[in-house]
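Working notes, structure below.
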Amino acid sequence: MKNYVIGLDYGSDSVRAVLIDTDNGEELASSIHWYQCWKNNKYCNPAINQFRQHPLDHIEGLENTIKSVVKEGNISPSSIKGICIDTTGSSPVPVAKDGTPLALVKGFEENPNAMMVLWKDHTAINEANEINELATTWGGEDFTKYEGGIYSSEWFWAKILHVIREDEAVRNTAYTWMEHCDLMTYLLVDTKDLKSFKRSRCAAGHKAMWHKDWDGLPPKTFLNKLHPYLAALRGHLYDETYTSDVIAGNLNKEWAIKLGLTTDTIIAVGTFDAHAGAIGAKIDEQALVRVMGTSTCDIMVASKNIVGTKTVKGICGQVDGSVIPGYIGLEAGQSAFGDLLAWFKDVLSWPIDNLVLTSEILTKQQKEQLQEEITANFIKRLTEDAEKIPLSESIPIALDWINGRRTPDANQELKSAMSNLSLGTKAPHIFKALVNAICFGSKKIVDRFEEEGVKISSVIGIGGVARKSTFIMQTLANVLNMPIKVAASDQAPALGAAIYAAVAAGIYSNVIEASKKMGSDFEAEYFPEEEKVSEYENLMKSYTDLSVFVEEITKK
């Protein structure tokens, strides 16, 4: 009998499930669920960089997508051997003593501070600064050294510190906190002891300063200097962490009935989306996998004898086993990639949304048809016109820091900027400048890895941007001066999660073997255009000059 596994991938606005044949990685069925609360902009305030999500969105998505792929796949439930969940991160959730997400506890249903704090929430900038200051001045170990040496407002401790300072009710009721990937895994497993539940090595190592050098999480003596709550929380968290080829438990009876599966189905330890995506794209040493969506995550693996005890400065962590067990997983990324272009689209759409589509001259049907036509052609037309602009023409220089800078050297206080505007600057010129900016930001990450002795010999792109925009991918190849392969799978993170599930279920002996058998093929490859490489090098110098200037005035 054939064996199948399910991978779940929780993104910023939806969750996707795939049903995968373990023999060859073939996708039998897929399903997507859009978060309804998120779609209605609930619990968020972009003006203060607050982005929260209600766990009900995630729980509904879990049930709907898995039931859908089980039905569509039309296979025996007993042949579905494993499930693994990946999520965004760091996206911590406050949890009551009985394991219930706080937003599901009476009195907290509409409280944004009781929600999951999404990865791109930057309300904790001050708290991150405090952690960085304390780490270098308290007289003990610098617990940020395996996090690139800079702790980010996007991460676990900073977010918790901000929330519990702001909200006494949450502070008094939240017994513990769980990363989103751990919470969703915990929901499914048959073991409900919070202390013994197997937490994600990926999440703990990259975002919570967990490391074996200091026996796990930072000690209470350090955390107490930030807030007594954090010291108490330390005792309600975990000591050990686990890689995603490990069994977290079996599917519990309640969820087996809901999903139409059996309690024999194993649940693997959870992970982050970018790390699972790298597995889905057959990551190998010296390959940089770029997960390109609203933001980017850049993932590499290196053998222990290459990295050794060296710490790579300014990245988002180096963790033993976070991607492939037995290898060091390295993470970097940009806080905005597709989000920068989406912001520009929103700016240009203002007169359409507020003048054209509110006009009494047009009928309701005409407005709907016009909206559909604009949506279908907006980015397409901008791209076509931007591609026609020669690099020799006066093009603005932009920074990609619309949501702060993740790497190199995290600084979420930084903002985007633009120079070299003139009366000749049109919308396609600005669009081209923004595309250049996200590619120049990518180049800074590649340069940092290589400056720190981590060699990159190939680049793999995955995600919606990589598959849909030939303009962006060709620009990126020119800026990096490297060929870039694009993974064919539309669901590389979900596929990677399925690969972890196959190993945890014992179908394969290790992640490398499973990835080679089940991982995605490649559908395209972009090569640098020699005549444009030097022109992009000159534009890159202008990007660097502008970034230095903006960083200096931000400090002032």
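Any read-out appearing in this document is the output of simple, stated calculations on the displayed coordinates, not a laboratory observation. As the structure is a prediction and not an experimental result, all values here were calculated from the model. Reconstructed Cβ throughout: ideal geometry from the backbone, glycine too, with neighbour counts over all protein chains shown.
What length, rounded to one decimal in nm, is gained on full extension from Glu168 through to Glu551, with 0.36 nm per residue of separation minus their alpha-carbon distance?
134.4 nm
So for the chain, taking the charge dipole from beta-carbon charges (+1 Lys/Arg, -1 Asp/Glu), which of Ile59, Gly99, Ser200 sits furthest toward the positive end?
Going by the Cα projections, it comes out as Gly99.
With +1 on each Lys and Arg Cβ and -1 on each Asp and Glu Cβ, how big is the dipole of the range 339-459 about its Cα centre, in debye rounded to the nearest 20?
Rounded to the nearest 20 debye, it is 100 debye.
What dipole magnitude, in Debye to the nearest 20, does the range 282-342 give about its Cα centre under +1 on Lys/Arg Cβ and -1 on Asp/Glu Cβ?
Magnitude of the dipole: close to 140 debye.
Taking H as built 1.01 Å from N, whose amide H comes closer than 5 Å to the amide H of Asp23, not counting residues under 5 places away?
Under 5 Å from the amide H of Asp23 lie the amide H atoms of Asn3, each far enough along the sequence or on another chain.
Based on DSSP H assignment, which helices of the chain show an axial Cα extent of at least 20 Å together with a mean Kyte-Doolittle hydropathy greater than or equal to 0.0?
The answer, listed by residue number, is 338-351, 427-451.
Working out 0.36 nm times the residue gap between Lys258 and Glu372, then minus their Cα-Cα distance, what length gain in nm do you get to one decimal?
37.3 nm
The range 53-88 to the range 344-410: how many Å between their Cα centroids?
Centre-to-centre distance over Cα atoms comes out at 35 Å.
Compare the Cα positions of Ile80, Leu28, Leu118 along the charge dipole of the range 1-119 (+1 at Cβ of Lys, Arg; -1 at Cβ of Asp, Glu; about the Cα centre) and return the one farthest towards the positive end.
In the range 1-119, that residue is Leu118.
Counting other Cβ atoms within 10 Å of each Cβ, which GluC sites (Glu not before Pro) in the range 230-317 have at most 16 and sit in a DSSP loop?
Here the sparse-neighbourhood loop sites are Glu240, Glu285.
Using R₀ = 45 Å, calculate the FRET efficiency as 1/(1 + (r/R₀)^6) where r is the Cβ-Cβ separation of Ser196 and Trp343; round to 0.05.
0.55
What list of ³J(HN,Hα) couplings, whole Hz, do you get for the range 81-93 from phi and the Karplus terms 6.51, -1.76, 1.60, once you set θ to phi - 60° and write x for glycine and proline?
Along the range 81-93, the couplings run 8, x, 9, 9, 10, 10, 9, 5, x, 7, 9, x, 10 Hz.
Compute the distance from the alpha-carbon center of the range 418-464 to that of the range 135-158, in whole Å.
Centre-to-centre distance over Cα atoms comes out at 28 Å.
Kirkwood Rh over alpha-carbon pairs of the range 418-556, then Stokes-Einstein at 20 °C and 1.002 mPa s: what D in µm² s⁻¹, rounded to an integer?
In µm²/s, the coefficient rounds to 122.
Determine which residues of the range 161-185 fall in the zone a paramagnetic label at Lys97 would reach in this model, i.e. backbone nitrogen under 19 Å from the point 7 Å along Cα→Cβ.
The answer is 168-178.
Which lysines have a Cα less than 17 Å from the Cα of Lys39, not counting those fewer than 8 places away in the same chain?
Cα-Cα hits under 17 Å: Lys120.
Rounded to two decimals, what ratio of Rg to Rh does the range 257-377 give with C-alpha atoms and a Kirkwood Rh?
Taking Rg over the Kirkwood Rh, I get 1.23.
Given the Cα atoms of the chain, and with Rh set as the inverse mean 1/r over their pairs in the Kirkwood sense, what is Rg to Rh to two decimals?
Over the Cα atoms of the chain, Rg/Rh equals 0.96.
Treating only the Cβ of Lys, Arg, Asp and Glu as charged (+1, +1, -1, -1), what charge dipole size does the range 173-248 show about its Cα centre? Round to the nearest 20 debye.
Charge dipole of the range 173-248: 260 debye, to the nearest 20.
What lysines sit close enough to Lys485 to cross-link, taking a C-alpha to C-alpha distance under 21 Å and skipping anything fewer than 8 places away on the same chain?
Lys282, Lys443, Lys444, Lys455, Lys468, Lys516, Lys517, Lys532
Tell me which of Leu355, Tyr327, Gly338 sits at the most positive position along the dipole axis of the range 275-381, charges placed on C-beta atoms (Lys, Arg +1; Asp, Glu -1).
Of the candidates, Tyr327 comes out farthest on the positive side.
With labels modelled as points extended 7 Å from the Cα through the Cβ direction, what inter-label distance (nm, one decimal) is found for Thr137 paired with Lys455?
4.2 nm
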